[in-house]
C-alpha cells in the first residue's frame, strides 16, 4: 500500500486498530506517522472543544426568556380555559355547536360568493 | 459547556414553573447558542435556533426522565432544532470564509490556569474557525460526533442519511479539518 491508500484510513484514528498492512507502512513512513499524530491531536482538541462556548449576542438571553415565558403563559392560559370548559360540559357543547355553526355559515357565504363571481365572468372572455 | 442544571430546577420546569425556566435559560443559553452556531455556521440562524430550542423544550421537557445527563439530552434537542433550521435555510445561506469569522471562545474549565499554553489556545480557536468553514453537511456530522459525542445511529437519524453516509461525511470532514489546521496553516505561516 502506498501513502495515498494509507491516508484514506487515517481519519478513523479513534475507531479501530489498523490492518497489519497499514501498521507496517506507518512503521516505515514518517510522513504518514505525522499525519496520524495530527488526526489524533485533532480528535483530542475536538473533544475538548465541547467545554468551550462561543459568546452569544448580548441581547439573546433576554430575548429567549421573553419569548419562552410568553409561550409558557399562553399555554397555561389555554390549558386553564380547556379545564374550565371540561368542568362545564353544557358550556363546552354549546361552544362547539356555536363554532360549528359559524364555520358552516362561513363556508356557505364563501361558496355563494364564489358562484356569483363565476356567473359574472362574460362568456367567451379571454382571461389571464 | 452546558452547566449541569440542578435536578430541582428541571423538576420545577417540568411543572411549568416560570422562575425555573428563567434559571434554566440563564444556565444553558450560551451552550445552546454554541451548539446551534457550530451546526448552522451562521450567527443569526444560531440565535433563532437557540430561541426555537427553548420553545421546543417547553413541549418536551416532561419527556426527560433523568436516564441520561441533562446536558446530553439538551445537546440532542438542540442539534435536532439546529439541523431542521439549517435545512430550512440552506438555500439562502452562503458559506462563511474562515477569515470572516472571529467568534471568540469563552474561557473554559482551564481558562484561568496560567499553565495553559498559548499554542493550545490558538489551536483551539483555529479549530473553531475551521469547523465553521466546513460545508454544512460535513460540519453537522463532525460537530455531533467529535465534539458532542453522539452515536452514529442518532446522527444518521437526525440527518436522515444512512450510518454509512454519516461515516463517509465524518471522514471527509476530518480530512478537511486536518488540512485546514496543519497544511494550510503552515503555508500561511
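Report the Cα centroid-to-centroid distance between the range B:134-182 and the range B:17-89 in angstrom, as an integer. What the calculation gives is 20 Å, centre to centre. Set the Förster distance to 51 Å, then compute FRET efficiency between residue B:26 and residue A:24 from the Cβ-Cβ distance, nearest 0.05. Efficiency, from the Cβ-Cβ distance: 0.40. Per-residue shielding of A:68-74, expressed as the average number of other chain Cβ atoms within 10 Å of the residue Cβ, stands at 5. Model label sites at residue A:3 and residue A:77, defined 7 Å from Cα along the beta-carbon direction, differ in position by 6.9 nm. The alpha-carbon atoms of the range B:116-189, seen along their principal axes, cover 39, 26, 14 angstrom, with the largest extent given first.
Estimated translational diffusion coefficient (Stokes-Einstein, Kirkwood radius over Cα pairs, 4 °C, 1.567 mPa s) of the range A:3-49: 118 µm² per second.
Apply 1/(1 + (r/R0)^6) to the Cβ-Cβ distance of residue B:11 and residue B:179, taking R0 = 35 Å, and write down the FRET efficiency to the nearest 0.05.
Working: r = 47 Å, r/R0 = 1.35.
Step by step, r from the Cβ atoms, then E = 0.15.
Evaluate the relative contact order of the range B:1-53 (contact order divided by residue number), counting alpha-carbon pairs under 8 angstrom at least 6 apart; express in whole percent. Each step should come with its number before you reach the end.
Details: 37 pairs, mean separation 15.8, N = 53.
Once divided by the residue count of the range B:1-53, the mean separation gives 30 percent.
Could you give the nm distance between label points at residue B:165 and residue A:88, where each point is 7 Å from its Cα heading toward the beta carbon? That separation, rounded to one decimal, is 5.4 nm.
Treat the count of other C-beta atoms within 10 Å as a stand-in for reagent exposure and order A:39, B:33 from fewest to most.
Numbers: A:39 20, B:33 26.
Taking fewest neighbouring Cβ atoms as first place, the list is A:39, B:33.
Every read-out reported here was derived from the displayed coordinates using simple, explicitly stated rules and does not represent laboratory data. Just so we're clear, the structure is a prediction, and the values are computed from it rather than from any experiment. For neighbour counting, all protein chains shown are included, and Cβ atoms are generated from backbone atoms with ideal geometry for every residue, glycine included.
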